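Asks: Right, I'll just put the structure down here and ask away after.
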Amino acid sequence: MTEEIEGCVHLIVKNGKIVNVYTHISKFPKDGVVHLKGHKIYSFEEFKDSHILDHKELEGEEGKIVISSYELPSNYKELKEEYLKKKK
């Protein structure tokens with residue numbers, strides 16, 4: 001039986017190579033395969049504007065794989081508005 005999940009995976013690509021992978025998935029199976037389909041390709045600047053909590057993912061080229069939680073803070077909309085105001 002398949003299950004639906006929410007969230008995303010960020011593949012950080014520099015010079016044509018994947019340098020870091022960050023997962024933000026709602027749940028993982030005990031055993032099985034999480035199948036993900038690509039949705040968008042962002043420039044680094046577009047990513048910063050649309051994923052205001054994830055800027056540090058762009059730092060470095062260590063080849064990290066980070067499995068993180070899916071939850072957003074309850075004040076995420078306010079944080080994003082504040083970030084975009086500061087950017088102007």
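Asks: Just need a number here: residues in region 15-44 that are under 28 Å from E82 (Cβ atoms), of a type outside the set (A, V, I, L, M, F, W, C) and either surrounded by 10 or more Cβ atoms within 10 Å (Cβ to Cβ) or touching a helix residue (DSSP H, G or I) at 6+ places or on another chain (Cβ under 7 Å) (or both).
Replies: Matching residues across region 15-44 total 6.
Asks: Still on this structure: Note down all Cβ pairs under 7 Å where the first residue falls in region 1-18 and is within 27 Å of E62 (Cα to Cα), the second is surrounded by 10 or more Cβ atoms within 10 Å (Cβ to Cβ) and acidic (D, E), and they're at least six residues apart or on different chains.
Replies: Short answer, once both residue conditions are applied: H10/D54; H10/E57; I12/E57; K14/E61.
Asks: Same structure, new question: For region 46-88, name all the residues that are polar (S, T, N, Q), in contact (Cβ under 8 Å) with a residue 12 or more places away in the chain and surrounded by 11 or more Cβ atoms within 10 Å (Cβ to Cβ).
Replies: S68
Here, each number is a calculation from the coordinates, and none is a lab measurement. Computed from a predicted structure; not experimentally measured. Virtual Cβ from ideal backbone geometry, glycine too; neighbours counted across all protein chains shown.
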